[in-house]
Amino acid sequence: MYEESIRDEFTHQTESFARSPVATRADTLDALVAMAPADPAARWLEVACGPGLISRALAGRVGSVHGVDLTPSMVEKAAAEARREGIENADFALGDATALDFEDASFDGAITRFSFHHIPGPRRVLEEMARVVRPGGFVIVADHLADSDRDACAWAGEIERLRDPSHWSCLTEEWFRTTGAAVGLELEESTVDPLEIDFEDWLARGSGAAVAAPLIERLLTEPPPRAGAFRVDGEPGAPRTLRLLFLACRWSRP
Ligand SMILES: C[S@@+](CC[C@H](N)C(=O)[O-])C[C@H]1O[C@@H](n2cnc3c(N)ncnc32)[C@H](O)[C@@H]1O
């Protein structure tokens with residue numbers, strides 16, 4: 001059921017996500033990839049790789065990258081784009097972030113972006129990423145955050161799910177810190193930066209928007225007092241900006 005919802009949504013979004021400004025922005029891609037130490041011998045895994053934007057950016061910095069994703073059209077898109085760009089050290093396959101089909105300690109690093117908020121039981125993903133990385137290796141996770149205020153978190157979650165039914169739940173910065181430690185990882189670096197997105201582009205990409213847009217517009221007029229991690233600036237009919245908070249963390253595996 002959950003997997004079906006993911007595959008339906010990301011089959012729908014394969015092309016639009018792959019060319020969206022929020023996914024392709026060079027500054028966010030470069031900053032994230034720079035968290036992986038340059039090492040021509042290192043073998044990396046990208047979890048929930050989508051169209052392989054991170055894998056393709058990382059491939060110039062490390063020995064090889066293997067990307068896995070639940071959605072077949074995303075895996076095909078990632079492979080086609082890597083071929084088109086002449087990248088020979090990145091490959092892609094179907095795979096589930098909650099049950100990675102790899103031996104323990106089989107990679108030097110594992111990375112994922114914009115995936116945790118789609119996955120029920122996200123601790124399992126962090127456990128799996130930690131498991132497949134060798135001692136001394138790295139786990140890098142980036143995602144947009146939830147407010148710790150319950151009303152603000154619930155309000156943003158409703159808007160997110162109405163727009164994209166595969167959205168599960170954004171997580172707090174505190175969740176990433178405590179869960180990383182709980183699965184035995186050592187936090188080395190963590191940044192939270194504002195992320196600005198063209199709201200109309202973001203809305204149109206989700207498969208739910210066509211039906212739910214009026215309800216989303218109504219919810220936008222009723223933000224809870226402590227909403228901070230999800231904000232829309234501007235008026236309907238004019239360009240609007242969605243302001244999120246984007247977390248990027250690097251842990252090492254002792
Ligand atoms: C918003 S896209 C992000 C793609 C990519 N990580 C990026 O940032 O460019 C989310 C991706 O997560 C994938 N996904 C969701 N749940 C997954 C799971 N349990 N295992 C593997 N992939 C999953 C979806 O198929 C989709 O391609």
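The values are calculated or read from the model by the stated rules, or taken from the named source; none is laboratory data. For clarity, every value in this text was computed on a predicted model and none was experimentally measured. Positions of Cβ are backbone-derived with ideal geometry, glycine not excepted, and every protein chain shown enters the neighbour counts. Only protein heavy atoms, including side chains, enter the accessible area calculation; ligands, DNA and RNA are left aside. Shrake-Rupley method; radii C 1.70, N 1.55, O 1.52, S 1.80 Å.
Tabulated data for the structure shown
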| quantity | calculated |
| --- | --- |
| Nearest-ten-degree value, helix 72-84 long axis tilted from longest Cα axis of the chain | 60 degrees |
| Taking all pairs of distinct alpha-carbon atoms in the stretch 108-152, Kirkwood radius in angstrom | 11.8 Å |
| D101, D201, D69, D27, reordered so the largest accessible area comes first (probe 1.4 Å) | D101, D27, D201, D69 |
| Inverse of mean 1/r across different Cα pairs in the stretch 1-143, Kirkwood, Å | 14.9 Å |
| The stretch 176-226, accessible surface, carbon-and-sulfur percent (1.4 angstrom probe) | 54 percent |
| Phi to ³J(HN,Hα) by Karplus 6.51 cos²θ - 1.76 cosθ + 1.60 over the stretch 140-146, Hz, x for Gly, Pro | 10, 10, 9, 6, 8, 9, 9 |
| Only Lys, Arg (+1) and Asp, Glu (-1) charged, at Cβ; the chain dipole about Cα centre in debye | 160 debye |
| Surface accessible to a 1.4 Å probe, V133 within the full protein complex, Å² | 0 Å² |
| Paired Rg and Dmax values of the stretch 100-236, which use every Cα atom, in angstrom | 16.9, 51 |
| Antiparallel content of DSSP bridges confined to the stretch 1-123, in %, to 5 | 5 percent |
| Relative packing of 136-149, 28-41, which averages over residues the other C-beta atoms within 10 Å, highest first | 136-149, 28-41 |
| The chain - share of DSSP beta bridges that are antiparallel (%, nearest 5) | 55 percent |
| Dipole magnitude of the stretch 1-113 about its Cα centre (Cβ charges: Lys, Arg +1; Asp, Glu -1), debye to nearest 20 | 480 debye |
